[in-house]
Amino acid sequence: MPGPRLDPEEWNRIHDGPADARSQLFRRGLALARDACLEHSRPGEIWADVGCATGHLAIELLRSGRRVVGLDIDLRLLRATRIRAAQGLPLAVADALRLPLRSRSLDGILAVSLLGYLEEPGEFFREAFLALRPGGHLLATCTNRSGMLRRASRPLGPISAGTADGAAGIQLHSAACLERSLQGTGFVLLPHRFYNFYALWGGWAFPPAGLSGALEALCPAPLGRGLARNILFRARKP
């Protein structure tokens with residue numbers, strides 16, 4: 001899985017520290033993925049969090065009654081997750097392009113921010129399709145290559161190891177390309193969620209959080225895909 005490496009301590013601070021413009025960028029995607037998972041699943045279902053990083057999403061879903069396995073290629077991140085999760089969360093070192101999962105073994109797969117590490121996500125989509133049971137869901141977030149508010153931003157600076165939105169090494173994908181790739185794999189597309197309607201200048205965000213949330217709720221899909229910084233993709237295996 002190419003791309004810059006995350007720093008576990010800094011990644012924990014992003015999710016656990018005081019909310020600011022930078023942390024909101026990542027927290028919003030995690031919250032939307034969590035809510036979509038809870039909407040499209042039931043307690044007892046088996047989900048994989050691919051690219052689980054320090055396990056924030058996986059642990060939340062585990063507490064909601066879902067059975068979750070956390071997968072990441074970076075052993076340092078999994079060690080940090082183990083400290084947070086104790087023994088309740090199964091973890092494994094895994095490459096997203098070669099998932100160590102049995103065919104039709106999962107009810108759902110989450111991939112929050114993972115696509116930014118993949119130059120060509122199609123291979124991951126194929127792996128996910130094989131691992132899902134019929135009716136299973138894939139939920140994935142990514143930076144919107146077409147987002148005007150992203151392009152209006154100024155760099156935040158790296159998250160220690162270079163993972164800020166738009167940092168060197170992070171792949172940007174367009175909604176149209178990912179839609180074609182998902183459908184070509186066999187997935188049925190569900191309505192996407194466009195989010196993070198603000199531009200960033202260092203530590204400042206405009207518009208402020210309240211107005212950004214209103215834009216997220218009000219912008220129809222064609223306008224949203226041209227403005228929003230990020231996208232939550234939702235797809236189902238027939």
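The values are calculated or read from the model by the stated rules, or taken from the named source; none is laboratory data. In this text the structure is predicted, and so the values were computed from the model without any measurement. Counting neighbours? That spans all protein chains shown, and the Cβs are built from the backbone with ideal geometry, glycine included. When the accessible area is computed, the model is the full protein with side chains, heavy atoms only, and any ligands, DNA or RNA have been set aside. Shrake-Rupley method; radii C 1.70, N 1.55, O 1.52, S 1.80 Å.
Taking the Cβ of residue 9 as the centre, find all other residues whose Cβ is under 14 Å away and add up their charges (Lys, Arg: +1; Asp, Glu: -1).
Numbers: positive: 5, 13, 76, 79, 84; negative: 7, 10, 16, 74.
The answer is +1.
When the Karplus curve 6.51 cos²θ - 1.76 cosθ + 1.60 is applied with θ = phi - 60°, which whole-Hz ³J(HN,Hα) does each residue of the stretch 37-44 get, with x for Gly and Pro?
4, 5, 5, 9, 9, 10, x, x
Per residue of the chain, what 222 nm ellipticity follows from adding -39500 (n - 2.57) for every DSSP H run with n ≥ 4, rounded to the nearest 500?
-11000 deg cm²/dmol
Could you tell me which of 53, 43, 6 has its Cα farthest along the dipole of the stretch 1-118 towards the positive end, charges placed at Cβ (Lys, Arg +1; Asp, Glu -1), taken about the Cα centre?
Result: 43, furthest along the dipole toward the positive end.
If you restrict to DSSP beta bridges whose two residues both lie in the chain, what percentage is antiparallel, to the nearest 5?
50
Cα-based Rg of the stretch 42-101 per 2.2 N^0.38 Å, rounded to two decimals?
Working it through for the stretch 42-101, the quotient is 1.02.
With every protein chain left in place, what is the accessible area per residue of the chain in square angstrom, probe 1.4 Å?
Per-residue accessible area for the chain comes out at 45 Å².
Report ³J(HN,Hα) in whole Hz for each residue of the stretch 217-225, in order, from the Karplus equation J = 6.51 cos²θ - 1.76 cosθ + 1.60 where θ = phi - 60°; Gly and Pro get x.
6, 9, 5, x, 3, x, 6, x, 5
With no solvent and one equal point scatterer placed on each C-alpha of the stretch 73-154, evaluate the Debye formula and give log10 I(q)/I(0) for q = 0.10, 0.13, 0.16, 0.22 Å⁻¹, two decimals.
Calculated log10 I(q)/I(0) at the listed q: -0.33, -0.54, -0.76, -1.13.
When the accessible area of the stretch 168-238 is computed with all protein chains present and a 1.4 Å probe, what percentage of it is carbon and sulfur?
68
Under the definition of Cα pairs under 8 Å and six or more residues apart, what whole-number percent is the relative contact order of the chain?
Relative contact order for the chain comes out at 22 percent.
For the stretch 93-156, calculate the relative contact order in percent as a whole number, restricting contacts to Cα pairs under 8 Å that are 6 or more residues apart.
42
Give me the one-decimal Kirkwood hydrodynamic radius in Å for the chain, with the sum taken over alpha-carbon pairs.
Evaluated over the chain, this radius sits at 17.8 Å.
How much of the accessible area of the stretch 1-124, probe 1.4 Å, is carbon plus sulfur, in whole percent?
On the way: 2740 of 5530 Å².
Result for the stretch 1-124: 49 percent of the exposed heavy-atom area is carbon or sulfur.
Counting only residues 5 or more places away or on other chains, whose amide H sits under 5 Å from the amide H of residue 48 once H atoms are built in the peptide plane?
69, 108, 109, 110
Quick one: which residues, 5+ away or cross-chain, put their amide H under 5 Å from the amide H of residue 173? H built at 1.01 Å from N.
143, 145
Would you mind calculating the relative contact order of the stretch 1-134 from Cα pairs under 8 angstrom and at least 6 residues apart, reporting the percent as a whole number?
So the answer I get is 27 percent.
Describe numerically, in nm with one decimal, the distance between label points set 7 Å from Cα along Cα→Cβ at residue 214 and at residue 133.
Using points 7 Å along Cα→Cβ, the separation is 4.4 nm.
Run the dipole for the chain about the Cα centre, Lys and Arg Cβ at +1, Asp and Glu Cβ at -1, nothing else charged, and hand back the magnitude in debye, nearest 20.
It comes to approximately 340 debye.
If amide hydrogens are placed 1.01 Å from N in the peptide plane, which non-local residues have theirs closer than 5 Å to the one on residue 53?
Amide H neighbours of residue 53: none.
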